[in-house]
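Everything below concerns the one structure shown next.
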Amino acid sequence: MSKIAVNGVIRDATAEEQAQIDAREKEWADSSKDRKLTAIKRERLDRLKATDWMSCSDVTMPDYIKTWRQTLRDLPQNNTTESQYDTLLERNADGSLKNSVWTQPTE
């Protein structure tokens, strides 16, 4: 049984309140995969935007950047499980993304 605070008083949740708490927790857990995919798409968009200037008509985009950008665009269809999402979102001790797919190549 969960504890809840009502008007500054902590008490046990009623059965109805507990059912609501359980439903919210289940909904949160069930949407985990969607939240992770959203985070991946946000990271991908940031990296694509950072190299968009290379697609201007007066700039020749190197093939290695074209390939990397395509790899980023392909992430959602090539990674469809929550464990793959976890791998893509894994972070180093300094908070940077660990997976090499996020690192812009230099050649």
Just to be sure I understand, if you calculate semi-axes √(5λ) of the Cα gyration tensor in Å for this structure, which of (1) 18, 15, 14; (2) 44, 14, 13; (3) 32, 14, 12 do you get?
(2)
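Please work out the average accessible area per residue across the chain, using the 1.4 Å probe convention, and give it in Å².
On the way: 7600 Å² over 107 residues.
Ligands and nucleic acids excluded, the result is 71 Å² per residue.
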Among 45, 81, 7, which residue has its Cα furthest toward the positive end of the charge dipole of the chain, with +1 on Lys/Arg Cβ and -1 on Asp/Glu Cβ?
45
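Which net charge results for the neighbourhood of residue 97, defined as the other residues with beta-carbon distances under 14 angstrom from its beta-carbon, given Lys and Arg at +1 and Asp and Glu at -1?
Working: positive: 36, 41, 42, 44, 47, 91, 98; negative: 43, 46, 86, 90, 94.
Net of charged neighbours comes to +2.
When Lys and Arg each count +1 and Asp and Glu each count -1, what net charge do the other residues less than 14 Å away from residue 35, Cβ to Cβ, add up to? Kindly include the intermediate steps, with their values, before the conclusion.
On the way: positive: 33, 36, 41, 42; negative: 27, 30, 34, 43, 82, 86.
Local charge sum for residue 35: -2.
The values are calculated or read from the model by the stated rules, or taken from the named source; none is laboratory data. What you see is a predicted model, and the numbers here were worked out from it, not measured in a lab. Note: ideal-geometry Cβ built from the backbone for every residue, glycine included; neighbour counts use all protein chains shown. Areas reflect the complete protein model, heavy atoms only, side chains present, ligands, DNA and RNA absent. Shrake-Rupley method; radii C 1.70, N 1.55, O 1.52, S 1.80 Å.
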